[in-house]
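> Structure provided below as C-alpha cells; questions to follow.
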Amino acid sequence: MVSPLLLLCFTLPLILLFFFQFRRTFKNPSLPPGPRGLPIIGNLHQLDNSILYLQLWQFSKKYGPLFSLQLGLRQAIVVSSPELAKEVLKDHDLVVRDRPKLIGQQKLSYNGLEIIFSPYGEFWREIRKICVVHLLSTRRVSGFSSIRKFEVKQTIEKISRHASSSKATNLNEVMMSLTSTLICRVAFGRRYEDEGTERSRFHGLLNECQAMWGTFFFSDYIPFLGWIDKFRGLHARLESTFKELDKFYQEVIDEHMNPNRKTPENEDIIDVLLQLKKKQRSFSVDLTNDHIKAVLMDMLVAGTDATAATIVGAMTALLKNPRVMKKVQEEIRTLGGKKDFVDEDDIEKFCYLKAVIKETLRLHLPAPLLAPRETNEACTIDGYEIPAKTIVYVNAWAIHRDPKAWKDPHEFIPERFLDSTIDFGGQDFELIPFGAGRRICPGRPTAIASLDLILANLLNSFDWELPVGMNREDIDTEVLPGLSQQRKNALCVLAKLRV
Ligand code: HEM
C-alpha cells in the first residue's frame with residue numbers, strides 16, 4: 001500500500017501547481033497588463049537582478065509606463081514615466097510609503113530599526129529627523145567642510161603619486177575609500193589608515209553588506225521554496241555577515257562609551273543616539289544598541305556606495321565624451337584661478353560642472369530603481385486597482401531616458417541643464433535620482449557637497465587618459481547586483497599631472 005506521506009509528496013506539488021496556475025489565469029483583471037509568467041514562479045525566470053532596470057525598461061516598451069509583474073507569490077507593479085512617478089510618489093505618497101520586507105535587508109537592518117527599511121510611522125519620523133538634524137542637514141554639512149577638504153586633498157595627493165610613477169588609478173577603489181572615510185569621520189569620528197588591515201576589513205564588510213542587500217532569496221517570493229536558500233548556503237552567509245557587522249558596530253559603540261575617550265570637538269551621531277538611549281522617554285520607542293547599529297549601517301552603506309558610484313559614473317561619461325571633459329576642465333581651471341586645490345566657495349561659480357553632475361545623475365544614477373516601495377493599502381493608480389502589499393518599482397533609469405521628457409535622451413549633454421530650472425529635489429519628476437516624496441533621500445546635501453568637491457578637484461589637478469591599448473568603447477559599464485550601481489570591473493585610468 002502507498003504510504004499517505006508518499007502520496008502527499010506526489011500530489012502536493014501538483015495541487016500547488018494547479019492552484020497557482022488558476023490564480024494566474026483568473027488573476028485580478030483590474031491590474032495593469034504585464035508579461036505572462038509561469039506557474040508558481042511567475043516572471044522570476046525572466047529577471048536578472050544586476051540588469052533589472054534594463055529588463056523592466058524593455059517590458060515598459062511593450063506593456064506601457066505602468067505594468068504588472070508576478071514575482072513568485074508577490075504582486076509587483078513598475079512605473080516608467082514622469083507622470084506616473086508623480087502619481088505614485090506624490091499623490092499616493094501616504095499609501096506607497098513602506099519598503100518590501102526582504103530577508104537580507106531585514107536581517108542586516110535589525111528588522112528595520114533604522115530609516116531605509118523601517119516602515120513609515122512615528123519611529124521612522126523620529127529617527128530620520130535625528131539623523132537629519134545632527135548629521136545630514138545643509139547646516140551640518142557646511143560644518144563638515146574642513147573634513148571634506150582634508151580628505152579630498154589626501155586623495156588628490158595619493159593620485160599624484162600614481163601619476164608621478166605612471167601607475168593607473170583604480171577609481172572605484174580610490175572613490176570607495178574616500179567616500180567611506182568621509183562618512184566614517186562625520187558619522188562616528190573615526191579614520192582608517194590607508195591600506196591598513198582595519199580599512200580592508202571595513203571595506204570587505206561594506207561590500208558584503210551591499211551584496212547581501214541585493215541577493216535574491218527564494219524565501220522572499222516563494223516561501224515554501226525557502227529551503228533552496230539554505231541549500232545554497234545563503235542563510236549561513238547572511239548570518240556570518242550579520243555577526244561580523246554587529247561586532248564592528250559594537251566596537252564603535254564601545255569606543256564612544258569609553259570613559260577615557262578624548263572629548264570630541266563635535267558630537268557625532270553615535271554620541272547623540274547614546275544620549276537619547278540614556279534618557280529613553282524622549283523617543284517613542286526605547287532605544288537600544290540595535291537601533292544605533294542599524295542607523296550606522298544606513299549611514300555607512302547609503303553614504304558610501306552611491307556617492308562613489310556617481311563619481312565613477314561621471315568620470316566614465318567624461319572619458320567617453322572628450323568635448324565635455326575639455327569644456328568642464330576649462331571652466332574649473334579658468335574660474336578657479338589655476339589654484340592647486342579648488343575650494344567649496346569656488347565651486348559655486350562652476351555652472352557647467354553642476355550641469356555635468358546633473359547629467360551624470362540623469363544617465364548614470366546609482367540607484368536606477370530607487371529603493372523599491374510597497375503599498376500599505378489598496379489604491380487606484382492610473383485607473384487600475386492595486387492591492388495592498390504590492391511591490392512598487394519606480395524605474396528612474398527609464399524615466400531619465402523618456403523621449404517625451406528629454407531631447408536626445410541617450411546622449412550625455414550637460415548643456416541641457418544650463419538654461420533649465422529642472423532639479424533633483426523631488427519636484428521635477430523627470431529627474432528623480434534621489435527619489436521623491438516623504439521618503440526622498442535625506443543624504444542629498446551630503447552627497448552633493450562631496451560630489452562637487454571631489455569631481456572639481458579630480459578635473460582641476462589632472463588630465464585623464466585611458467591605459468595604453470584601451471579605447472573609449474572598451475570602458476566596461478557592467479554592474480553588480482545591489483541597490484547602487486557598483487561596477488563588476490573597476491574603472492582604471494591614467495592621471496597626468498596638470499601642466
Ligand atoms: C549620489 C548619492 C546618493 C543617491 C543618488 C541616493 C539615492 C537615494 C534614493 C533613490 C533613495 C530612495 C528614495 C525613495 O524611496 O524615494 C535614498 C534613500 C536614502 N538615502 Fe540616499 N542617495 C545618495 C546618498 C546618500 C547619502 C550620502 C546618505 C547619508 C549619509 C544617504 C542616506 C539615505 C537614507 C537614510 C535613505 C532612506 C530614506 C527613507 O527611507 O526615509 N543617501 N537615497
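Values quoted throughout were computed directly from the atomic coordinates according to the rules given, and no laboratory measurement underlies them. Please read these numbers as outputs of a predicted model, since none were measured by experiment. So basically every Cβ, Gly included, is an ideal-geometry build from the backbone, and we count neighbours across all protein chains shown.
> Along each of the three principal axes of the Cα atoms of region 170-281, give the extent in whole Å, ordering the values from largest to smallest.
In descending order, the Cα extents are 52, 47, 19 Å.
> A follow-up question, please. Run the reach check for Lys243 against aspartates and glutamates, Cα to Cα strictly under 17 Å, same-chain hits fewer than 8 apart removed. What comes back?
Once the sequence-local aspartates and glutamates are set aside, what remains near Lys243 is Glu198, Glu208, Glu251, Asp254, Asp290, Asp298.
> Can you list the lysines whose alpha carbon is less than 17 Å from that of Lys404, not counting same-chain residues fewer than 8 positions off?
Cross-link targets: Lys61, Lys62, Lys86.
> Right, next: Calculate I(q)/I(0) for region 218-278 by the Debye formula, one identical point scatterer on each C-alpha and no solvent, and give its log10 at q = 0.14 Å⁻¹ to two decimals.
Results for region 218-278 at q = 0.14 Å⁻¹ read -0.61.
> Taking the Kirkwood radius as the inverse of the mean 1/r across Cα pairs, report the Rg/Rh of region 215-374.
Result for region 215-374 is an Rg/Rh of 1.10.
> Show that you can apply the helix-only estimate: for the chain, add -39,500 (n - 2.57) for every DSSP H stretch of four or more residues, divide by all residues, and state [θ] at 222 nm to the nearest 500.
-15500 deg cm²/dmol
> Further question: Between region 415-439 and region 80-105, what is the C-alpha centre distance in whole Å?
17
> Further question on the same structure: Of all trypsin sites (Lys or Arg not before Pro) in region 370-478, which ones are in loop regions per DSSP and have a Cβ with at most 11 other Cβ atoms within 10 Å?
Lys404, Lys407
> How big is the C-alpha Rg of region 108-154 next to the rule-of-thumb value 2.2 N^0.38 Å, as a ratio?
Dividing the Cα radius of gyration by 2.2 N^0.38 Å gives 1.51.
> Could you tell me the calculated FRET efficiency between Arg333 and Glu415, based on Cβ-Cβ distance and R0 = 30 angstrom, to the nearest 0.05?
With a Förster radius of 30 Å, E is 0.95.
> Quick one: length gained pulling Asp463 to Arg323 fully straight, 0.36 nm per residue minus the C-alpha distance?
49.1 nm
> If you bin every alpha carbon distance in region 4-497 into 10 Å steps from zero, what whole percent lands in each bin?
Spelled out bin by bin, region 4-497 gives 4, 18, 28, 26, 16, 6, 1, 0, 0 percent.
> Related question: What is the extension gain from Ile422 to Ser30, computed as 0.36 nm multiplied by their sequence separation minus the C-alpha to C-alpha distance, in nm to one decimal?
My answer for the length gained is 137.6 nm.
> If I stretch the segment between Met470 and Lys153 completely, what's the gain in nm (0.36 nm per residue apart, minus their alpha carbon distance), one decimal?
Full extension of this stretch gives 111.3 nm more.
> Moving on. Describe numerically, in nm with one decimal, the distance between label points set 7 Å from Cα along Cα→Cβ at Leu54 and at Thr288.
4.3
> Once label points are set 7 Å from the Cα along Cα→Cβ at both Cys492 and Thr197, what is their separation, rounded to one decimal in nm?
Label-label distance for Cys492 and Thr197, simple model: 2.7 nm.
> Where the centre of each part is set by its Cα atoms, how far does region 362-380 sit from region 42-79, in angstrom?
Their Cα centres are 13 Å away from one another.
> So what is the relative contact order of the chain, in percent, for Cα pairs below 8 Å that sit 6 or more residues apart?
Relative contact order comes out at 24 percent.
> Count neighbours as other Cβ atoms within 10 Å of each site's Cβ, and list the GluC sites (Glu not before Pro) in region 217-287 that are DSSP loop with at most 12 such neighbours.
Sparse-neighbourhood loop GluC sites (Glu not before Pro): Glu265.
> Between Arg237 and Glu267, how many nm apart are label points set 7 Å from Cα along the C-beta direction?
So the two model labels end up 4.1 nm from each other.
> Which semi-axis lengths, in whole Å and largest first, follow from the square roots of five times the eigenvalues of the Cα gyration tensor of region 88-208?
That gives 34, 18, 14 Å for the three semi-axes.
> Using Cα positions and a limit of under 22 Å, work out the lysines in reach of Lys496, with same-chain residues fewer than 8 apart set aside.
Lys149, Lys153, Lys158, Lys167, Lys320, Lys326, Lys327, Lys338, Lys339
> Also, I was wondering about something else. If the viscosity is 1.306 mPa s and the temperature 10 °C, what Stokes-Einstein diffusion coefficient in µm²/s follows for region 336-429 when Rh is the Kirkwood radius over Cα pairs?
The diffusion coefficient I find is 99 µm²/s.
> What are the ³J(HN,Hα) values, in whole Hz, obtained from phi via the Karplus relation 6.51 cos²θ - 1.76 cosθ + 1.60 with θ = phi - 60°, for each residue of region 98-108 in sequence order, with x given for Gly and Pro?
Coupling constants for region 98-108: 9, 10, x, 8, 10, 3, x, 5, 5, 4, 6 Hz.
> A follow-up question, please. Can you classify region 26-66 as rounded, prolate or oblate using the Cα gyration tensor, where a ≥ b ≥ c are the square roots of its eigenvalues, rounded means a/c under 1.5, and otherwise it's prolate if a/b beats b/c and oblate if not?
oblate
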